[in-house]
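In what follows, a structure is listed as C-alpha cells, so that the remarks can point back to it.
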Amino acid sequence: MTLILSNDEINELVSMEECIERLEITYQDLGNGLAQNRPRSDIYGPVQDNGRYIFKKDKRPTGAGGKWIGLVLLFSTRTGEPLAIMPDGVMQKLRVAAANALAAKYMAAQNAATYALIGSGWQAGGQARAMAAVRKLKEIRIYSPTHANRESTELANELAIKVIASPDAKTAVRGADIVGMATNSITPVVELAWLEPHAHVTCLKELELGRGILANSSMVVVHTRLDRPANYIVGKGENPIFDHDPEEGLTGEIAKTRARRPPNEIDLTTQPDLGELAAGMVQRPPPGTMTTFVNTIGMGLQFAALGSLAYEKARAQGRGREIPTDWLLEDVHP
C-alpha cells in the first residue's frame, strides 16, 4: 500500500530535533560519497492568465480552493515502488531551518546564547525553532518591517525563551552570537559593522549579506556549490537560464544587483559545502572568529531524508491514508 500524508500529519509526526538529526546523517553520507543529490531543474510553460507555470511547484495558489501545489514522491530504492505521496509545504520550512541549524551546530560558538533574526515570516519561525535546538539560547531578537509579526508572542510561549521585538535590524544584530536572515530581499539587510567579531551568520541567499561579511569570515560554508537552478523555459530554446527567478534572470535584474556588489569578496562556488562540513572534511574555524553559512539552494536529498522520516514515523503510529500500490504499477514493460 502507498501512504498518503498531509501537512498537518507531517507537522505532528516529526520534531525539529529529529529533522536535524536525520539531515546530519544524510549530509555525512553525502560528504563521504555514500549519497548523491541531483541538481535542481525547473520547467516553465505558458498559461492563460497568470504568466507562467513552473513544473515543480506553482508559486501561485492556483489549485482548487485557492491552494498551492507541491508534492514529495517517496520511492523505494530497492523495488522502485512508490512508498508515499505527501505535500511539501511543512517540509520546506523544516528542511531549510534544519540545514541552517546544522551548520550552526558545527560553526557557531558553543556558548552562543543570543540569536538575532531578520525576518518574521513563515520560514523565519522555523529558523528560530531550529537554532534553539542546537544551542541553549537565552534570547532571541526579531526584526521585521511587519510590526505585527515581530511583536508576536508565539515563539516566546513555545520555546520558553526571551523574545525581543527590535525596532530595527541594527539593534537586533548588535551583540548577537548568531545572526540569521530569512527575507525576500535582494539587497543587504545586515551590515558588517553591526556584527560581533565572533558572530555566526546564516542567510538564505548571499544578496542579504552586506559588503565585507564574506571576506571577513574565517570560514564560509555553502549548502551546495551548485547555487542556482537550471530553468528551462518554453519558447526560450534548449539552454537553461541559471537563476533563482528566471524572469528576473531574463530581464537581468538579479545580475544587475550582483554586479553592484564588490568584485567578489569570495567565490562561493569554491567554498566547502555542508556535506563536507558534517563529514569532518573541513577544519573547524578558529575560536572567536566570524563564520558564515550561505543556504544557497534547496536539495532534493533533503526531501528524501525528511520524507522517509515522516513515512517511517507514520507507519509506526498508523497515521495517514492508504491507496493500493498496484494502482501505480503496470504489467507492460516500460
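The values are calculated or read from the model by the stated rules, or taken from the named source; none is laboratory data. Owing to the predicted nature of the structure, the values given are computational and were not obtained by experimental measurement. Reconstructed Cβ throughout: ideal geometry from the backbone, glycine too, with neighbour counts over all protein chains shown. For the accessible areas, the whole protein counts, side chains as well, though only heavy atoms, and no ligand, DNA or RNA atoms are used. Shrake-Rupley method; radii C 1.70, N 1.55, O 1.52, S 1.80 Å.
The table below lists the values:
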{"quantity": "Among the candidates GLU191, GLU206, GLU158, residue that is at pLDDT 95 or above and of a type in the set (D, E, K, R)", "calculated": "GLU191"}
{"quantity": "Residues of region 134-150 that turn out to be assigned to a loop (DSSP other than H, G, I, E, B) and open to solvent by less than 90 Å² (accessible area, probe 1.4 Å), as a count", "calculated": "4"}
{"quantity": "Qualifying positions in region 202-220 - in contact with a helix residue (DSSP H, G or I) (Cβ under 8 Å, 6 or more places away or on another chain), under 24 Å from SER41 (Cβ atoms) and open to solvent by less than 10 Å² (accessible area, probe 1.4 Å)", "calculated": "LEU207"}
{"quantity": "Residue list for region 112-121, filter: more than 23 Å from THR289 (Cβ to Cβ) and surrounded by fewer than 20 Cβ atoms within 10 Å (Cβ to Cβ)", "calculated": "GLY121"}
{"quantity": "Leading residue by the ranking (nearest to VAL96 (Cα to Cα)) among those in region 127-155 that are β-branched (Val, Ile, Thr) and at pLDDT 90 or above", "calculated": "VAL134"}
{"quantity": "Test: ALA156 is farther than 26 Å from THR296 by Cα and either of a type outside the set (Phe, Trp, Tyr) or buried (at least 24 other Cβ atoms within 10 Å of the Cβ) (or both)", "calculated": "yes"}
{"quantity": "Wholly within region 245-305, helices (runs of 4 or more DSSP H) carrying at least 1 residues that are modelled with pLDDT under 90", "calculated": "246-251, 253-259"}
{"quantity": "Of the criteria (1) among the hydroxyl-bearing types (Ser, Thr, Tyr); (2) within 22 Å of ASN157 (Cβ to Cβ); (3) at pLDDT below 95, which one THR77 fails", "calculated": "(2)"}
{"quantity": "Among the residues listed as ALA124, ALA104, the single one being open to solvent by less than 30 Å² (accessible area, probe 1.4 Å), within 11 Å of GLY180 (Cα to Cα) and modelled with pLDDT of 95 or more", "calculated": "ALA104"}
{"quantity": "Residues located in region 208-244, provided they are within 23 Å of LEU274 (Cβ to Cβ) and part of a strand (DSSP E or B)", "calculated": "LEU209, MET219, VAL220, VAL221, VAL222, ALA230, PHE242"}
{"quantity": "Set ALA176, ALA182: member being within 30 Å of GLN28 (Cβ to Cβ), in contact (Cβ under 8 Å) with a residue 24 or more places away in the chain and open to solvent by less than 10 Å² (accessible area, probe 1.4 Å)", "calculated": "ALA176"}
{"quantity": "Residue list for region 57-87, filter: under 16 Å from LEU301 (Cα atoms), assigned to a loop (DSSP other than H, G, I, E, B) and open to solvent by 70 Å² or more (accessible area, probe 1.4 Å)", "calculated": "THR77"}
